[in-house]
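A.B. asks: What follows is a single structure, and I will ask about it in a moment.
The values are calculated or read from the model by the stated rules, or taken from the named source; none is laboratory data. Since this is a predicted model, take the numbers as computed values, not measurements. Virtual Cβ from ideal backbone geometry, glycine too; neighbours counted across all protein chains shown.
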């Protein structure tokens, strides 16, 4: 519709346009206004954490150093160890007790994790692996066996002088253990706690875990990926005190940074990969391995340290450690040191191939390495270590330089799990060495993701037990950036706005800021949605330059410290120079979705007030306007006035025109023009078009409005309306566009950048999108057991006839008597087969159709290929296995 307006009322019209949009969300303390500040939801800033999101002048965090000696009993699939924890109280508080995490207790039959897990769906069908997991959990003797908890001496070497160590009172509460200190630990003081323990290692192919073993029946070997294997200090923080929420399986770990000295004793022919730096290479490595390792400094591609052939030779040795003291040659002890890390993990196997390459990180050189069996070839030697190197390079540009000396990727039963300097990744090719596209990119992606966790949360040490998104979401976002730098059109599964649309459009959601153990749709909530939100914040809201600066500042501020969500939100707004409360409120605190629609478009033109112009417009309209249907059909009527001319008067005269412009009208117009200045008169002559577009916020999530404007001359213009356009009314808003050209189309979000969930309402005029449907031919065959039986009997007769023919040919070469005997035998055989066919026909009448039988058979098929019972399977859909998260369990 085209409308003309006069400048006499223009001011009124503009004012009315605004006032007609009521404040649908008045601002008050409990407001749901999307632009209301979130500060009331965040902790009050202070001396520990500032209002800008940086650590405060009195910021503190605890520290825990570890000395651990552990022995792997590969035959019994068990670990035994002694862990000495030196705990430094840097808080301003006196502590009477400490809490220690016993994560292996999650595998106890009576653990809160198992007992609180809802029942799986068993109606109709269930996979072998899911049932096997349920059965194994009921029989597996899991969990820590704590042999002793004693007070250790702070002075090394003093233990021998003290005699028998003093036991410490302790209480185990599921996956947590409270240790009562012999005397209060004052602020600034340290104490040492010694714990001896043992436990059985979980079979990670039977029970979902973040560490465990995988057995290879073909060569009677195993890969051990060992994690959560020692008692770990629970975090004590300024914002929550002791973080002793139980480990239920979803919310991961909140840990203190510290230094580690670890001695790992394994069978002598095993190769060990671990967090930290190997301090005794000449005691555990072959000289040729050491030489190869030293030669990689100048090489830009992976080099074998342990070759595939050497790994195969090693598989055959199978020398297990023995318990007698005179069999030391059967074991080796690998010693590792790691500084300023929050955890320690390791892997061991005879099957490991080992390759490595150097990566330049600033002025330093980091060694990227991979450990994997021959079953992982040729995929792993081509992609794993290169993916490790790629991750360090890309993540370093967006955060900080990788501070450690090594970064390791290990192939084993765990699909994807991260630890400082080492991660476990599962994708493998088929047994014949071929692999699918999904497996290839699944490997690259999971390596990038898990190595990327070195930055979040291993260094930027967030609280995973409370806020999964703070490491998984941020890491998935950076993973997407790294994937796009790997190759053009990389098939990223998360990051682009359009990837999150099905989740945002669906139900069964909770806000991102939900506690880790209460999340629904874990992968979408904690990985995909925050990654998409950050990508939108970078591309559409802030722009790359401002976002990258702010994100880098957050990483720099909280490197080797423990941030909270408030610190992230505040830092991003502070460094970007933008109030982002509306963004955090909508994306992180709600389940609203993006659905912006064009409701209407109106065209306004300036009315010059010239009576001649107005007359001409009306005349053109009458000439071009199509007649109504009634007028068209009445055009042939014989009207009374035509045969009664006396009825005509002045108003029926041909020259009468009720709209005719009178001279007085022209004089009045000229008088009006003289009252205006030249600029105002020029404005009246303008042909500017005023398009007023009405937008609806149907999804509830306020967002910028990316808009493409199509003109009649085939040119386009791209504009972005800022999110503040919704501040007066978050439900609907109007915007005027001024142009000298004719607009033929408006289009919201043409580049698919804001995760709009309904594209059908993004166009004006509406765009007709085709939907295809499939044609099929109806089949009413419900199965015919009688026909099947008859066909089987017929086939049996044909087989018998063939046997008779063959017997006749053989009989010609023999004597008559033997031939007759043979023929009689064949006839007897034919009779037997006919009897069998008749029996089969009777049986088939009482059976279900083949189709029904097939359906019953299908119910027993195990489709969880990523979780085999004993043998490692092919991983056809590597990117989707183990868990929705692509990480963790």
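Matching residues to (1) on the phi > 0 side of the Ramachandran plot; (2) in a loop (DSSP other than H, G, I, E, B); (3) surrounded by fewer than 19 Cβ atoms within 10 Å (Cβ to Cβ); (4) within 32 Å of the chain's Cα centre (by Cα):
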{"position": "110", "(1), (2), (3), (4)": "no, yes, yes, yes"}
{"position": "113", "(1), (2), (3), (4)": "no, no, no, yes"}
{"position": "121", "(1), (2), (3), (4)": "no, yes, yes, yes"}
{"position": "143", "(1), (2), (3), (4)": "yes, yes, no, yes"}
{"position": "148", "(1), (2), (3), (4)": "no, no, yes, no"}
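A.B. asks: Condition first: touching a strand residue (DSSP E or B) at 6+ places or on another chain (Cβ under 7 Å) and exposed (fewer than 11 other Cβ atoms within 10 Å of the Cβ). Now tell me which residues in segment 677-693 satisfy that.
C.D. replies: Once the filter is applied, which keeps residues that are touching a strand residue (DSSP E or B) at 6+ places or on another chain (Cβ under 7 Å) and exposed (fewer than 11 other Cβ atoms within 10 Å of the Cβ), segment 677-693 yields nothing.
A.B. asks: Among the residues of segment 397-412, is there at least one that is assigned to a helix (DSSP H, G or I) and in contact (Cβ under 8 Å) with a residue 60 or more places away in the chain?
C.D. replies: Yes, the conditions are met somewhere in segment 397-412.
A.B. asks: Residues that are closer than 30 Å to residue 758 by Cα and more than 37 Å from the chain's Cα centre (by Cα): find the strands (runs of 3 or more DSSP E) completely inside segment 656-727 holding 2 or more of those. Let's see the steps before the verdict.
C.D. replies: Values: elements: 689-697, 705-711, 716-721.
Strands (runs of 3 or more DSSP E) meeting the threshold: 689-697.
A.B. asks: Would you check which residues across segment 220-234 are over 26 Å from the mean Cα position of the chain (by Cα) and on the phi < 0 side of the Ramachandran plot and list them?
C.D. replies: Once the filter is applied, which keeps residues that are over 26 Å from the mean Cα position of the chain (by Cα) and on the phi < 0 side of the Ramachandran plot, segment 220-234 yields 221, 222, 223, 224, 229, 230, 231, 232, 233, 234.
A.B. asks: A further question on this structure: Is there a residue in segment 195-202 that is in contact with a helix residue (DSSP H, G or I) (Cβ under 6 Å, 6 or more places away or on another chain), part of a strand (DSSP E or B) and touching a residue at least 24 places away in the same chain (Cβ under 8 Å)?
C.D. replies: Checking segment 195-202: at least one residue is in contact with a helix residue (DSSP H, G or I) (Cβ under 6 Å, 6 or more places away or on another chain), part of a strand (DSSP E or B) and touching a residue at least 24 places away in the same chain (Cβ under 8 Å).
A.B. asks: In the set 247, 224, 253, which member is assigned by TED's automatic domain parsing to the domain that holds residue 84, in a strand (DSSP E or B) and closer than 24 Å to residue 416 by Cβ?
C.D. replies: Result of the check over 247, 224, 253: 224.
A.B. asks: Can we say residue 175 is crowded, with 22+ Cβ neighbours inside 10 Å, over 28 Å from residue 373 (Cα atoms), within 36 Å of the chain's Cα centre (by Cα) and touching a residue at least 24 places away in the same chain (Cβ under 8 Å)?
C.D. replies: Answer is yes for this residue.
A.B. asks: Take residue 403 and tell me if it is surrounded by fewer than 23 Cβ atoms within 10 Å (Cβ to Cβ), more than 23 Å from residue 218 (Cα to Cα) and either touching a helix residue (DSSP H, G or I) at 6+ places or on another chain (Cβ under 9 Å) or modelled with pLDDT of 95 or more (or both).
C.D. replies: So residue 403 fits the description; yes.
A.B. asks: Being at pLDDT below 90, more than 30 Å from residue 757 (Cβ to Cβ) and either surrounded by 14 or more Cβ atoms within 10 Å (Cβ to Cβ) or in the same structural domain as residue 705 (by TED's automatic domain parsing) (or both), is that true of even one residue in segment 564-574?
C.D. replies: Just the residues of segment 564-574 that are at pLDDT below 90, to begin with: none.
No, segment 564-574 contains no residue that is at pLDDT below 90, more than 30 Å from residue 757 (Cβ to Cβ) and either surrounded by 14 or more Cβ atoms within 10 Å (Cβ to Cβ) or in the same structural domain as residue 705 (by TED's automatic domain parsing) (or both).
A.B. asks: Continuing with the same structure: Any residue that is in contact with a helix residue (DSSP H, G or I) (Cβ under 8 Å, 6 or more places away or on another chain), farther than 19 Å from residue 87 by Cβ, in the same structural domain as residue 264 (by TED's automatic domain parsing) and in a loop (DSSP other than H, G, I, E, B) - is there at least one of those in segment 159-168? Quick ask: steps written out before the conclusion?
C.D. replies: Let us first name the residues in segment 159-168 that are in contact with a helix residue (DSSP H, G or I) (Cβ under 8 Å, 6 or more places away or on another chain), namely 165.
Subsequent filtering for residues that are farther than 19 Å from residue 87 by Cβ retains none.
No: segment 159-168 contains no residue that is in contact with a helix residue (DSSP H, G or I) (Cβ under 8 Å, 6 or more places away or on another chain), farther than 19 Å from residue 87 by Cβ, in the same structural domain as residue 264 (by TED's automatic domain parsing) and in a loop (DSSP other than H, G, I, E, B).
A.B. asks: The conditions are (1) outside the structural domain of residue 700 (by TED's automatic domain parsing); (2) not in a loop (DSSP other than H, G, I, E, B), and residue 778 fails exactly one of them. Which is it?
C.D. replies: (2)
A.B. asks: Quick one: residue 355 ticks every box in (1) closer than 18 Å to residue 278 by Cβ; (2) in contact with a helix residue (DSSP H, G or I) (Cβ under 9 Å, 6 or more places away or on another chain); (3) touching a residue at least 60 places away in the same chain (Cβ under 8 Å) bar one, so which box is it?
C.D. replies: (3)
A.B. asks: Let me ask you something else. State whether one or more residues within segment 507-518 are more than 25 Å from residue 257 (Cβ to Cβ), crowded, with 21+ Cβ neighbours inside 10 Å and in contact (Cβ under 8 Å) with a residue 60 or more places away in the chain. Before the answer, list the steps.
C.D. replies: At the first step, the residues of segment 507-518 found to be more than 25 Å from residue 257 (Cβ to Cβ) are 507-514, 518.
Then keep just the ones that are crowded, with 21+ Cβ neighbours inside 10 Å; that gives 512.
With in contact (Cβ under 8 Å) with a residue 60 or more places away in the chain added as a condition, the list becomes 512.
Yes, segment 507-518 contains a residue that is more than 25 Å from residue 257 (Cβ to Cβ), crowded, with 21+ Cβ neighbours inside 10 Å and in contact (Cβ under 8 Å) with a residue 60 or more places away in the chain.
A.B. asks: Something else about it: Identify the residue in segment 159-168 that is modelled with pLDDT under 90 and surrounded by 11 or more Cβ atoms within 10 Å (Cβ to Cβ) and, among all such residues, is nearest to residue 205 (Cα to Cα).
C.D. replies: Taking segment 159-168 first, the residues modelled with pLDDT under 90 are 159-165.
Next, from what is left, pick out any that are surrounded by 11 or more Cβ atoms within 10 Å (Cβ to Cβ): 159, 162, 165.
Details: 159: 42, 162: 46, 165: 40 Å.
Applying the filter and picking the extreme gives 165.
A.B. asks: With respect to residue 515, determine if the residue is over 11 Å from the mean Cα position of the chain (by Cα) and closer than 13 Å to residue 588 by Cα. It would help to see each step written out before you state the result.
C.D. replies: Values: over 11 Å from the mean Cα position of the chain (by Cα): yes; closer than 13 Å to residue 588 by Cα: yes.
So residue 515 fits the description; yes.
A.B. asks: Across segment 413-434, which residue is surrounded by the fewest Cβ atoms within 10 Å (Cβ to Cβ) among those that are out of contact with any strand residue (DSSP E or B) (no Cβ under 8 Å at 6 or more places or on another chain) and free of Cβ contacts under 8 Å to residues at least 60 places away in the same chain?
C.D. replies: Out of the qualifying residues, it is 432.
A.B. asks: Shifting gears a bit: From the residues in segment 244-256 that are buried (at least 22 other Cβ atoms within 10 Å of the Cβ) and farther than 20 Å from residue 208 by Cα, which one is nearest to the chain's Cα centre (by Cα)?
C.D. replies: 254
A.B. asks: Of everything in segment 647-668, what is farther than 24 Å from residue 622 by Cα and in contact with a helix residue (DSSP H, G or I) (Cβ under 7 Å, 6 or more places away or on another chain)? Give them in sequence order.
C.D. replies: Once the filter is applied, which keeps residues that are farther than 24 Å from residue 622 by Cα and in contact with a helix residue (DSSP H, G or I) (Cβ under 7 Å, 6 or more places away or on another chain), segment 647-668 yields only 647.
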